[in-house]
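The values are calculated or read from the model by the stated rules, or taken from the named source; none is laboratory data. Just so you know, these numbers come straight off a predicted model, no measurement behind them. All Cβ positions, even for glycine, are placed from backbone atoms using ideal geometry, and neighbour counts span all protein chains on display.
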Amino acid sequence: MDLGLPGEDDPHRTEVREWLAAHPHPTGRQLAEAGYVVPHWAPPFGLDADPLTQLMIDEELRVAGVRRPINPIGIGWAGPTLMYAGTVEQKERWLWSLLSGEEFWCQLFSEPGAGSDLAALSTRAVRDGDSYVVNGQKVWNSYAHIAKWGILLARTDPAATKHQGISYFVCPMDAPGIEIRPLIDMTGEHAFNEVFFDDVRIPADHLIGAEHAGWELAKVTLGNERVSLSGEGALWGMGPTADDLVELVRRAGGVPDPSLRDRLVSVWVESQILRVLRLRMVSAVLAGKAPGAEASVRKAIADAHGQHVMGVARDLAGPFGMLSGSGPVGGWGTSGAVVGDATWSRGFLYSPALTVGGGTAEVQRNIVAEKVLGLPRDP
């Protein structure tokens with residue numbers, strides 16, 4: 001598929017290359033101020049770049065070995081919501097340090113009784129003078145223990161219907177009354193947390209948008225989340241790919257077991273289908289169309305694909321697949337694996353989270369059923 005990227009002599013490409021030559025090792029702040037972190041955003045935070053220019057900038061940064069700041073929830077989810085509904089003062093206050101990666105962000109949405117049914121949340125925020133007093137509990141909050149700020153949904157009108165009466169806040173994670181408890185997953189890593197609010201005061205000017213109108217903003221955030229979790233890697237856009245697995249097998253001399261060969265071919269075919277879907281989404285944007293529910297289609301397929309890739313990798317490792325730190329490399333006829341490559345064993349343990357986090361596989365299929373197939377809403 002020819003996306004028609006700007007040619008070598010395109011002035012936009014030349015401008016990016018000249019900037020990179022002048023900034024061979026740019027800081028996150030320099031990238032943000034140049035508009036290269038989110039070039040599609042409006043100035044001053046972006047360049048108001050069209051899709052082709054965005055892809056060209058991505059290509060030039062990749063060739064130069066320059067990586068954008070790491071702040072996935074901030075840049076991918078909180079930032080677009082602030083751009084959509086934040087005041088001028090709120091944008092200036094938070095977006096520069098968010099884009100530069102100087103201040104890390106987390107998301108405070110899910111609750112023990114409000115996971116897939118997020119609108120059932122019960123955390124309360126009560127207006128008291130120039131602040132809101134927040135009480136409640138959130139769970140599965142990625143990196144809340146290192147975040148400076150969090151995007152928080154809380155109920156401000158308990159008498160309203162379920163999807164009404166919810167407000168959207170920026171929460172300072174060091175506010176008195178916040179307790180963060182670690183949730184260690186089965187990889188042994190501490191990424192998730194549960195967060196408790198005990199009379200936490202959030203300044204009233206940290207409210208984003210109108211009071212009680214937070215559900216619409218939550219949909220903006222979640223819409224960006226669906227796209228953010230649909231990259232090339234098998235683990236929510238990160239980590240190894242099916243191509244990486246095939247290359248490992250090729251270097252090891254192939255797989256003698258025909259069943260494993262078939263499964264390896266299947267996960268590679270899945271990866272190509274996902275690649276085509278990604279190109280279709282890009283092409284739709286280039287044609288001025290909104291992909292809509294296609295993001296949910298791709299996420300639903302990509303999450304299962306990640307589990308398939310890691311399952312094949314584990315089985316390729318043979319008995320070594322039961323060991324932490326093993327990977328599907330080495331001679332298949334003898335050892336079956338070389339202990340020491342933790343990428344794949346960690347990926348296998350992590351992969352069950354794929355069809356739960358960021359909207360469960362069932363939620364994605366409901367979206368596709370309603371928005372694409374026109375089926376009745378799920379009761």
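Right, residue 170: in contact with a His (Cβ under 6 Å, 6 or more places away or on another chain) and of a type in the set (A, V, I, L, M, F, W, C) or not?
On the way: in contact with a His (Cβ under 6 Å, 6 or more places away or on another chain): yes; of a type in the set (A, V, I, L, M, F, W, C): yes.
Criteria met by residue 170.
Starting from residues that are out of contact with any Asp or Glu (no Cβ under 9 Å at 6 or more places or on another chain) and either under 16 Å from residue 127 (Cα atoms) or of a type outside the set (A, V, I, L, M) (or both), keep the ones in segment 171-183 and report whichever is surrounded by the fewest Cβ atoms within 10 Å (Cβ to Cβ). Don't jump to the end; show me each part of the working.
Going through segment 171-183, the residues out of contact with any Asp or Glu (no Cβ under 9 Å at 6 or more places or on another chain) turn out to be 171-175.
Then drop every residue that is not either under 16 Å from residue 127 (Cα atoms) or of a type outside the set (A, V, I, L, M) (or both), which leaves 171-172, 174.
On the way: 171: 26, 172: 17, 174: 9.
Per the criteria, the residue is 174.
Once segment 96-105 is narrowed to residues that are part of a helix (DSSP H, G or I) and either at pLDDT below 95 or within 18 Å of the chain's Cα centre (by Cα) (or both), the residue that is farthest from residue 31 (Cα to Cα) is 98. Residue count for segment 96-138 satisfying the condition of being surrounded by fewer than 15 Cβ atoms within 10 Å (Cβ to Cβ) and among the small types (Gly, Ala, Ser): 5.
For every residue, the table says whether it meets (1) closer than 26 Å to residue 119 by Cα; (2) at pLDDT 80 or above; (3) of a type outside the set (Asp, Glu); (4) exposed (fewer than 15 other Cβ atoms within 10 Å of the Cβ).
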residue: 310; (1), (2), (3), (4): no, yes, yes, no
residue: 316; (1), (2), (3), (4): no, yes, yes, no
residue: 328; (1), (2), (3), (4): no, no, yes, no
residue: 340; (1), (2), (3), (4): no, no, yes, yes
residue: 345; (1), (2), (3), (4): no, yes, yes, no
residue: 362; (1), (2), (3), (4): yes, yes, no, yes
residue: 366; (1), (2), (3), (4): yes, yes, yes, no
residue: 373; (1), (2), (3), (4): yes, yes, yes, yes
residue: 378; (1), (2), (3), (4): yes, no, no, yes
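Applying the set (1) surrounded by fewer than 17 Cβ atoms within 10 Å (Cβ to Cβ); (2) modelled with pLDDT under 75; (3) of a type outside the set (Gly, Ala, Ser) to residue 332 leaves exactly one unmet item: (1). A Cβ distance below 7 Å, combined with a sequence gap of six or more or placement on separate chains, defines the contacts here; from segment 176-205, residues that are assigned by TED's automatic domain parsing to the domain that holds residue 137 reach residues that are modelled with pLDDT under 95 and small (Gly, Ala, Ser) in the pairs 185/191; 191/142; 192/142.
Considering only segment 184-195, state which residues are surrounded by 16 or more Cβ atoms within 10 Å (Cβ to Cβ) and either touching a helix residue (DSSP H, G or I) at 6+ places or on another chain (Cβ under 6 Å) or at pLDDT 90 or above (or both). Listed by number, the residues that qualify are 187, 192, 193, 194, 195. Just wondering, is there one or more residues in segment 109-126 that are of a type in the set (Lys, Arg) and either in contact (Cβ under 8 Å) with a residue 40 or more places away in the chain or touching a helix residue (DSSP H, G or I) at 6+ places or on another chain (Cβ under 9 Å) (or both)? No, because not a single residue in segment 109-126 is of a type in the set (Lys, Arg) and either in contact (Cβ under 8 Å) with a residue 40 or more places away in the chain or touching a helix residue (DSSP H, G or I) at 6+ places or on another chain (Cβ under 9 Å) (or both). Residues that are within 25 Å of residue 56 (Cβ to Cβ), at pLDDT 90 or above and surrounded by 15 or more Cβ atoms within 10 Å (Cβ to Cβ) do occur in segment 257-271. Inside segment 183-225, residues that are basic (Lys, Arg) and in contact with a Gly (Cβ under 9 Å, 6 or more places away or on another chain) make up a count of 1. Take residue 32 and decide whether it is closer than 26 Å to residue 151 by Cβ and surrounded by 18 or more Cβ atoms within 10 Å (Cβ to Cβ). The answer is yes for residue 32.
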